[in-house]
Amino acid sequence: MNKHIHIDVQRGMPWWKAMLVCLPMMVLTFVLLSGGKAVTGWEKQVAMAVTFLFFNGLFFMTLKDGRTDRWRAPAFILYALLLSFTFIVHMLEARGAMSLSEAKLLECQVPFCHVVIPMTLVPIALKQSIIFPGQIVGGYASISSMFVIWITACLVMGRGFCSWLCFFGGWDDGFSRWAKKPRLRNIPPILKWMPFAVLLVVVLSAAVFLEPTYCAWLCPFKAVTEYEAVVNVRALLQTIVFVSLFVGLVIVIPILTKRRAQCGLFCPMGALTSFSNKINAFDVRIDTERCVKCGLCARNCPVFALSDETIAKGRAAMTCVKCGKCIDVCPKQAISYHIKGTPPGWRVRFTRVLFLYITFLFLTVFAGGTFVEAIRRLLNLITTGSLFY
Amino acid sequence: MSVVLFLAGRLMGYLLFGVLAWLTGRMLQKELPEWESWLFAVVYIILAVMLLRYAWHPGHASCTMKSHARWLDRFKRMHLLFPFLGGVLIGVNVCYPFMLAFTTAAEQPNLARSLFFFIFFYLGTSIYLLPLPLLGAFRNKTALRAIGRLSAGLVGLYYLYSSTIIFVEKVTVLWFSGGG
């Protein structure tokens, strides 16, 4: 049964109020980015200053302007680009190539990414073994660190992880904003369940074959990070597949549809993380009386979490990534962030600021390291002519 | 209790076929060692295409929830042994996913792996039957059906893909060894 909620929200706040609200964020991000230590070296100081100003500037604008997605997107997209940049440079520096040799696989030196998590769960439970050639602790992107980050983020922001922390999501988010208008509008509704089908298949196949099957066969982001060296027919076919998936799901379809095709129609990690929306404190609600059913929110939702059905129920589906785009585009300001357990329409502005504090803090801390590293590398390139230290 | 016995019977049916699949694989290895991988590749391609067709047009009655529900309802009222036997019979109904699973299990190097594979096949196909945690999130049967169809399509594509690789690898080896 639909409960009427009345959302009384004004876009934005005066600049002085936004500055006051920003102050604690600035202190926290300064401490967390610097690690509580004095920053030495002019390159690192410049990189940290630029990173600090960039993220806090975006946070300030989010509060002052009142729009969420407008100011989240630049940080999220840049994070994806710079992560790939720093990752590739690091791989070239450490081993001289983007491609992985069998020797490196046997040494268990492969950086772990969060997308592998669903495939590791059943083998860990049944055989106490991790089917990934990475380091459990220490090193670059260890298994334990990614598990901790993902679990913490899920508890705190649910599938907001996919819009605020995932260092791959910015790719198709960026390409989805390329065109002015979508060329392809009618996506078959059945396809929105594809991520769950992919999740089921990769989890079961990984358990049976004791191999991270998504990583081995399907991950499109190997095109911008690392991949197995092409030394035989099988590796060549795998390469063709992941490059095709990257071009199709991350570039072409997002440009044509203006939606995040990889995240909304394929990613198994997104499907698994969707379940955390059921336990997370924040969700996205719709004031059904204020709503004029223009459908603008559903047409703009990047992951197909809004439809006539969900709008009528007054809430986004469990696949909502909490990016704030629907909130920004609604002409009647009928959509807002909401804390579960509170009455509908309860302290909407406070809830928004609380949600943004959490998400921006996470984003700054985790993406900040990548930004600092990327800026340092670029400064090193300018001063020494080399990206390597 | 009837439901538990039914599910146990279904698992037993799958495990029995796991054993049969492994024995079939061993027999092929012994009798046709040169043709074994070609045979598997051909069978995979045929079954993968059939599975893709099934995913596109889900009309195969014996694989659907409706037929299972009818049997389940009937056995609830019968002697305890019957739900178990019913489960065994339902478990061994020969549909495209089952034949693909049989073929894969026949390829496994040892009996344990064949049985392990069939256990996971059982879990994967039980999505409509088991009260799995989090399935409450899919109260909507349309969602479950959609996921089932899409999963079948993905598995079909996987088998088509992997059997194509077997063919390409074998042809490449034959080509470079001068067809010898």
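Residues checked against (1) surrounded by fewer than 24 Cβ atoms within 10 Å (Cβ to Cβ); (2) away from chain B (no Cβ under 14 Å):
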position	(1), (2)
A:ARG183	yes, yes
A:SER205	yes, no
A:LEU218	yes, no
A:VAL224	yes, yes
A:LEU237	yes, no
A:PHE242	yes, no
A:VAL247	yes, yes
A:PRO268	no, no
A:ILE279	yes, no
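Could you go through the stretch A:282-289 and let me know if any residue there is away from chain B (no Cβ under 11 Å) and touching a Cys at 6+ places or on another chain (Cβ under 6 Å).
Within the stretch A:282-289, one or more residues are away from chain B (no Cβ under 11 Å) and touching a Cys at 6+ places or on another chain (Cβ under 6 Å).
I want to confirm something. Restricting to the stretch A:286-343 and keeping residues that are assigned to a loop (DSSP other than H, G, I, E, B) and basic (Lys, Arg), which single residue is nearest to A:LEU63 (Cα to Cα)?
A:LYS322
Residue by residue, here is whether (1) crowded, with 16+ Cβ neighbours inside 10 Å; (2) modelled with pLDDT under 70; (3) touching a Ser or Thr at 6+ places or on another chain (Cβ under 7 Å) holds:
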site: B:LEU5; (1), (2), (3): yes, no, no
site: B:LEU52; (1), (2), (3): yes, no, no
site: B:CYS63; (1), (2), (3): yes, yes, no
site: B:HIS68; (1), (2), (3): yes, yes, no
site: B:LEU89; (1), (2), (3): no, yes, no
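Just to be sure before I move on: is A:ILE251 out of contact with any His (no Cβ under 8 Å at 6 or more places or on another chain), more than 14 Å from every other protein chain (Cβ to nearest Cβ), at pLDDT 95 or above and surrounded by fewer than 22 Cβ atoms within 10 Å (Cβ to Cβ) in the structure I sent?
Yes.
If a residue has to be surrounded by fewer than 20 Cβ atoms within 10 Å (Cβ to Cβ) and in contact with a His (Cβ under 8 Å, 6 or more places away or on another chain) to count, how many in the stretch A:328-351 make the cut?
3
State whether the residues of the stretch B:139-146 include one that is at pLDDT below 75 and within 11 Å of chain A (Cβ to nearest Cβ).
Yes: one or more hits.
For residues that are surrounded by fewer than 16 Cβ atoms within 10 Å (Cβ to Cβ) and either at pLDDT below 80 or assigned to a loop (DSSP other than H, G, I, E, B) (or both), tally how many sit in the stretch B:104-127.
Residues meeting the conditions: 3.
Run down A:PHE275, A:PHE242 and say which single residue is more than 28 Å from A:SER99 (Cβ to Cβ) and aromatic (Phe, Trp, Tyr).
Exactly one residue qualifies, and that residue is A:PHE275.
The values are calculated or read from the model by the stated rules, or taken from the named source; none is laboratory data. Not measured: the values here are computed from a predicted model. Heads up, the Cβs are rebuilt from the backbone with ideal geometry, glycines too, and the neighbour counts pull from every protein chain shown.
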